[in-house]
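The values are calculated or read from the model by the stated rules, or taken from the named source; none is laboratory data. Being a predicted model, the structure only gives us computed values, none of them experimental. No Cβ is skipped: glycine too gets one built from the backbone with ideal geometry, and neighbour counts run over all protein chains shown.
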Amino acid sequence: MSGILHDRRRALENSFFAARDNQLLSALKAKTESESQLQQLASASGIEDQQVLEELIAAGVQAETMTALTLIPLVQVAWADDSMDDREKEAILAAAAEEGLDQQDPSYQLLEQWLSVGTSPSLLEGWEEYISTLVSSLSESASENLKQNTLSRSRRVAEAAGGFLGMGNKVSSQEQLVLDRLEAAFS
């Protein structure tokens, strides 16, 4: 009888430790995935603040989402005057490269289409609604960080082709209207 009891005790212990091992492995896997998401989001957004990144992930933002979030404003600013200057295009492609997009990525191919033919007005409206909802779920510092990152990149695109011989106002009135609209979306 003691042999059967010993075997059952051993089976119970093994079962307990197998379940505990699975819990620990699951926790390790979740931590690794979380760290990977943070790294991918940091790369896609250019945001380095850990707390901001964690808040964005908690709000459901992923690297793929952030890529679109950061590129839509740039494209909208570039097309504000109904034309795409080569320097604006270069600035946007440089921003895409900073975010790690390669030419095989479907997001990059979509970006190329936007650069060639523009976007519909509803894309900016959708972006504004998304940003408005997103910032309401973020802390003030996270919201401000996202806002400044978005606006500074957008302003660089606006300034890329502006001015006459590199002098004067580098941002057209149409581009300024889009920049103002982008900023208002964060309010």
Inset, instruction - Would you mind stating whether Ser122 is of a type in the set (Ser, Thr, Tyr), assigned to a helix (DSSP H, G or I), within 12 Å of Ala78 (Cα to Cα) and out of contact with any helix residue (DSSP H, G or I) (no Cβ under 9 Å at 6 or more places or on another chain)? - result: no
Legend entry - All positions within region 130-145 that are exposed (fewer than 12 other Cβ atoms within 10 Å of the Cβ) and modelled with pLDDT of 85 or more: Ser136, Glu140
Inset, instruction - Evaluate the following for Val61: is it among the β-branched types (Val, Ile, Thr), in a loop (DSSP other than H, G, I, E, B) and either under 18 Å from Thr133 (Cβ atoms) or at pLDDT 70 or above (or both)? - result: yes
Inset, instruction - Take the residues in region 70-112 that are among the charged types (D, E, K, R) and assigned to a loop (DSSP other than H, G, I, E, B), then tell me which one is surrounded by the fewest Cβ atoms within 10 Å (Cβ to Cβ). - result: Asp82
Inset, instruction - Return the pairs, sorted by first residue and then second, in which the second residue is in a helix (DSSP H, G or I) and among the basic types (Lys, Arg), the first residue lies in region 87-113 and is closer than 20 Å to Leu38 by Cα, the beta carbons are less than 8 Å apart, and the residues are 6+ apart or on different chains. - result: Ala95/Arg153; Ala95/Arg156
Inset, instruction - Report the residue count in region 114-150 for those that are under 19 Å from Ser43 (Cβ atoms) and free of Cβ contacts under 8 Å to residues at least 40 places away in the same chain. - result: 1
Legend entry - Which numbered condition Val171 misses (of (1) outside any helix (DSSP H, G or I); (2) at pLDDT 85 or above; (3) under 18 Å from the mean Cα position of the chain (by Cα)): (3)
Legend entry - Sole exception among (1) in a helix (DSSP H, G or I); (2) under 19 Å from Gln62 (Cβ atoms); (3) not basic (Lys, Arg) for Asp180, by number: (2)
